[in-house]
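Here's the structure, in structure tokens; my notes come after.
Nothing in this text is a laboratory measurement; each read-out follows from the coordinates by a stated rule. Note that this is a predicted model, so its numbers are computed, not measured. Neighbour counts run over all protein chains shown; Cβ positions are idealised from the backbone, glycine included.
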Amino acid sequence: MNISLTFYAHQPNRLIPYDFFKIGEHAFYEDDELNGRVLSEVAERCYLPANRLMKQLIELSDGKFKFALALSGVILEQARYHRPDLIESFRELAETGCVEFLAMPYYASLASLYSTGEFAEQVNEHVDLIEDLFGQKPKVLWNTGMLYSNAIAAQAFDLGFSGIMADGSSRLMSNRHTNDLQCAPLIAKTKTLIRNRHLSNDLANRRTDPSWSEYPLSPYTFADWLSQQEGQVVNISMDYETLGERQPDSSGVFEFWRSMIMATLFNGNVFMTPSEAVESFDSVGTLDCPSPATCSTYGTTTQWNGNVMQQEALKKIYDLEAAVKASEDRDMIHVWRKLQSADHFHYMEKSNGFTPYPSPYDAYIYYMNALADLQVRVKRQAELIHKAHKATLA
């Protein structure tokens, strides 16, 4: 069987407790100390040991093991500042020739839902960053949360990608085979790779669940499951934090993956990157997805825009687009884009277990106050531009 493995990694820029009295007076919104500390802790537990393991597997298999990484521009930006050794570790993987880097919206944003022009700019910014850091031009797009629809697939085609990732939820797939490539209506040249949700969640969630009927899962059992799959290619995708963070070293996660990958190869399976899968296979049919689908539990976007607070915050940030860009202030545009990261809206949801804030309401208040300050700064910049323009005419 052909197997394509993809890991996703992103760390948000968490905000300081930005209260009303800072508006107009305090222009820095991010908790840089917290962001650096979290990145370093996760790097030590997950990213660095996982990178070492993946490099070892590539070497042990003489390059037969391949996989892909979808790394947001934000995590790479943080790593450049706080942990340059992490950038070097990813570079070492790139140099093996067995790791493909996928394109993303640079800021892990929801721009594909709210501004097609902004989405294109963020994806192109991310492509430039990947080329600069790792010497690769991405060919396949991984949208935030695997956001996918007919319209998003069309955007991927317009941006020149040969493939786009989507999640194989039951709502999306219906009676289609998860392990076959599809294409959106009228978008035959950009193929859709479908994540095998069941097998991916076996590794990401159920492996450490004592209530699961297959617990404790043997790596050799899972390798056999992969060998028994049908279709063109099995797409296994999950957060990179699964290795060492969500599933700590004490759970045996690294040894499990080492044994599972080697057993999968021993069984005669073939690992390929997403772009190799796209180049190797034709799409078997048309996948009609008129409304956005994601890899969330229910396959919807409600974790980001399901309540009034989230909806108001999203409207306000994207309503600022024209004014922010008219400022021609690169730093201000960068700040505005960092505030688009989907995490900010997810923190406004009650069920979020990863929030740094006391409550969803606190997340909303800090965010809206920071956004109010940004509005003040944008207005000041517009006034300066207007005055300069008048002076020129005079």
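Tabulated data
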read-out: Extended-chain gain in nm, criterion 0.36 nm per residue less alpha-carbon gap, residue 158 and residue 351; value: 65.9 nm
read-out: Mean Cβ neighbour count within 10 Å, used as a protection proxy, ranking 294-305, 157-168 highest first; value: 157-168, 294-305
read-out: In Hz, Karplus ³J(HN,Hα) per residue of segment 279-294 (6.51, -1.76, 1.60; θ = phi - 60°; x = Gly, Pro); value: 6, 8, 10, 8, 6, 8, x, 9, 9, 8, 9, x, 10, x, 10, 9
read-out: In degrees, nearest ten, helix 308-319 long axis to first principal axis of the chain (Cα); value: 70
read-out: Within-13-Å neighbourhood charge of residue 97 [Cβ basis; K, R +1; D, E -1]; value: -2
read-out: Angle in degrees between helix 32-42 and the longest Cα principal axis of the chain, rounded to the nearest 10; value: 0
read-out: Amide H partners (placed H, <5 Å) of residue 139, local residues excluded; value: 103
read-out: Filtered GluC sites (Glu not before Pro), segment 1-74: DSSP coil and at most 11 other beta carbons within 10 Å; value: 25
read-out: For the chain, Kirkwood radius (reciprocal of mean inverse C-alpha pair distance, Å); value: 22.0
read-out: Amide proton proximity set for residue 70, modelled H, under 5 Å, gap of 5+; value: 7, 8, 9, 102
read-out: Test item: Cα-centred dipole of the chain, Lys/Arg +1 and Asp/Glu -1 on Cβ, debye; value: 560
read-out: Potential extension, residue 64-residue 21 segment - 0.36 nm per residue separation minus Cα distance; value: 9.7 nm
read-out: Ranked by how many other beta carbons lie within 10 Å on average, peptides 101-112, 269-280 from highest; value: 101-112, 269-280
read-out: Modelled FRET efficiency - R0 51 Å, residue 116 with residue 218, Cβ distances, 0.05 increments; value: 0.65
read-out: Longest to shortest principal axis, alpha-carbon extents of segment 49-90, angstrom; value: 34, 18, 12
read-out: Sequence-distant residues sharing a close amide H with residue 15 (under 5 Å, placed H); value: 31
read-out: Around residue 184: net Lys/Arg minus Asp/Glu count, Cβ-Cβ under 10 Å; value: 0
read-out: Extension gain (nm, one decimal) between residue 302 and residue 128, 0.36 nm per residue minus Cα-Cα; value: 59.6 nm
read-out: Förster radius 41 Å - calculated FRET efficiency between residue 136 and residue 372, Cβ distance, rounded to 0.05; value: 0.55
read-out: Helix axis angle, 360-393 relative to the chain longest principal axis, alpha carbon, degrees; value: 50
read-out: Cβ-derived FRET efficiency at R0 30 Å, residue 286 paired with residue 227, nearest 0.05; value: 0.55
read-out: Estimated vicinal HN-Hα couplings, Hz - segment 97-113 in sequence order (Karplus 6.51, -1.76, 1.60; Gly, Pro = x); value: x, 10, 10, 9, 9, 8, 7, 8, x, 3, 9, 6, 9, 9, 4, 4, 8
read-out: Entries of 66/137; 137/191; 66/338; 55/338; 55/191 with Cα pairs more than 23 Å apart; value: 66/338; 55/338; 55/191
read-out: Under 16 Å from residue 22, Cα to Cα: aspartates and glutamates that are on another chain or at least 8 residues apart; value: 30, 31, 362, 373
read-out: Helix-only CD estimate at 222 nm, as mean residue ellipticity for the chain, using -39500 (n - 2.57) per DSSP H run (n ≥ 4); value: -14500 deg cm²/dmol
